[in-house]
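Q: Next up is a structure, given as C-alpha cells.
The values are calculated or read from the model by the stated rules, or taken from the named source; none is laboratory data. Everything numeric here is computed off the predicted structure, so don't read it as measured data. Note that each Cβ is placed from the backbone with ideal geometry, even for glycine, and that neighbours are counted across all protein chains shown.
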Amino acid sequence: MNGTAHAAIGAAAGFVVANTLHTSPSTTLFLVGLGGVSALVPDLDIDGKLREKITFSHHLIQLVAQLIGILMVVYSFFEGSADERWIGMGIGMVMMAVSAKIKQKHMLTITGIGVLLGGISLQETWLILLGIYILIASFVSHRSYTHSILGVLFFGIIASKLEASLGINGVYYTCLIGYISHLIADLKILPFNKRGVKLFLPISSIEI
C-alpha cells in the first residue's frame, strides 16, 4: 500500500477518536493530522538499498526530515527555557541544512540523533524515545522491526509520553491506532500486497 493510502487511513482513525471523545474542532483537526503522521511512521525503516521497493521516495524522506527540523525549531521556541530554546532551535536548523545534502540512509540516522539531542535538551521523554526509534529504524530493513509487535509497543510508549506532555486526550489512541493501521494494511493476506510483515520478530521471521 502506498503512503497516501496509509496516511488517509491514519487520518480517518484520528477523526474517529476525536468524534468518540467529542473534542473541539481544533483538537479534532490536530488528531486527524496526528493520525495521518502516525500511520506513516513504520516506513521510517527505509534504507537506500531498498529504494525501489519502498513506499516513500527519496525526496519525500528529505522533506520529512526537514519538517522535523522545522517542528524542532517551533517547539523549542515556544516550549523551551532560555538556554533550551536556542539549543533546540539550533539543532532543528542544522537538521534542515544537513538533510538537503546527504544521502537517505545517513539522513535518517542524523535525523534520529538530532531528535534525540533535542529531546535531551528539552527534557522531553517522548522526543528522546522518538529519536531512539528513528535511529533504530535507520539501520533495519524495510518491513522488519518497525512493522512488528515490538515496534507497536515501543511506539505506544512514545504516544503515551506525548499525550502526557501535551495534555490532550486522545493523542495516545490516535497514535497507536494510526500505527497499527499501517501494519494491518501491509498484511500479506490482503490481495494487493505481495509481501507481508514480520509481526513476531525476533521470535519468528515469517511474513504474515
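Q: Can you pull out the residues in the stretch 165-208 that are part of a loop (DSSP other than H, G, I, E, B) and within 14 Å of Val152 (Cβ to Cβ)?
A: Asp186, Leu187, Val197, Lys198, Leu199, Phe200, Leu201, Ile208 - these are the residues of the stretch 165-208 that are part of a loop (DSSP other than H, G, I, E, B) and within 14 Å of Val152 (Cβ to Cβ).
Q: So which of Leu122, Leu135 ends up being of a type in the set (A, V, I, L, M), crowded, with 17+ Cβ neighbours inside 10 Å and within 27 Å of Asp186 (Cβ to Cβ)?
A: Selected residue: Leu135, the only one of Leu122, Leu135 that is of a type in the set (A, V, I, L, M), crowded, with 17+ Cβ neighbours inside 10 Å and within 27 Å of Asp186 (Cβ to Cβ).
Q: Out of Ser26, Ser38, which single residue is among the polar types (S, T, N, Q), crowded, with 24+ Cβ neighbours inside 10 Å and assigned by TED's automatic domain parsing to the domain that holds Arg195?
A: Ser38
Q: Could you please find all residues in the stretch 118-158 being more than 30 Å from Ile206 (Cα to Cα) and either within 12 Å of the chain's Cα centre (by Cα) or not hydrophobic (A, V, I, L, M, F, W, C) (or both)?
A: Listed by number, the residues that qualify are Gly118, Gly119, Ser121, Gln123, Glu124, Thr125, Trp126, Leu127.
Q: Next up: Filter the stretch 140-171 down to residues that are under 24 Å from Asn2 (Cα atoms) and free of Cβ contacts under 8 Å to residues at least 40 places away in the same chain and give me whichever is surrounded by the fewest Cβ atoms within 10 Å (Cβ to Cβ).
A: Looking at the filtered set, the residue picked out is Leu153.
Q: I'd like to check something: does the stretch 171-184 contain any residue that is in contact with a Phe, Trp or Tyr (Cβ under 7 Å, 6 or more places away or on another chain) and at pLDDT below 95?
A: no
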